[in-house]
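**Student:** Before anything else, here's the structure in question.
Every number here is computed from the coordinates shown, using simple stated rules; none is lab data. Keep in mind that this is a model prediction, so the values were computed, not measured. Glycine also receives a Cβ, built like all others from the backbone with ideal geometry; neighbour counts cover every protein chain displayed.
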Amino acid sequence: MDPDSVAINYFEKAHHYYMQSEQLNLAARAKHNQGLNYYNLAKYANAIDAHKTAYNIFKKVDFKPGLTQTLNSLGINFMEIGDYPKSLNYHLQSLKISQNENDSNNLCQELHEHWTSI
């Protein structure tokens, strides 16, 4: 079994553990990381599902860095499947949060992703 598949299984177990123990930020991080591994395997639909789950949890706990990273990942996945309007929408949402939070690191990343997805 390849390392990404092994990681996906571990992140799923971690996600369930953290959800049960109500450590929502860590549960979201596990789901986000799972999405990154799905992306590495070019399983974009699975990656999108994992990132959407992470996004919803990050939104519930109002963790802005997690929101921006997850929106960025969603944008990248939609770009990979050729849905450029959705990709651009997710990148712009991340950009807006970064601007509001004065997150210059993510702001630069989002500007790059925005222009490369056009």
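**Student:** The range 3-116: Rg/Rh from Cα coordinates, Kirkwood Rh? All intermediate terms of the calculation are to be shown ahead of the outcome.
**Tutor:** Details: Rg = 13.7 Å, Rh = 14.0 Å.
Ratio of gyration radius to Kirkwood radius for the range 3-116: 0.98.
**Student:** I would also like to ask the following. Is it possible to state the helix-based mean residue ellipticity at 222 nm for the chain, with each DSSP H run of 4+ residues giving -39500 (n - 2.57), the sum divided by total residues, to the nearest 500 deg cm²/dmol? What is it?
**Tutor:** Computed mean residue ellipticity for the chain: -28500 deg cm²/dmol.
**Student:** Only Lys, Arg, Asp and Glu count, each charged at its Cβ (+1, +1, -1, -1), so figure out the dipole size of the chain about its Cα centre, rounded to 20 debye.
**Tutor:** 260
**Student:** Under a plain spin-label model, where a point goes 7 Å from the Cα along Cα-to-Cβ, how far apart in nm are HIS16 and LYS52?
**Tutor:** Reported label-point gap for HIS16 and LYS52 is 2.2 nm.
**Student:** Please report how many Lys pairs in the range 3-116 have alpha carbons closer than 24 angstrom, counting only residues at least 8 apart along the chain or sitting on separate chains.
**Tutor:** Taking the Cα cut-off of 24 Å, the pair count is 25.
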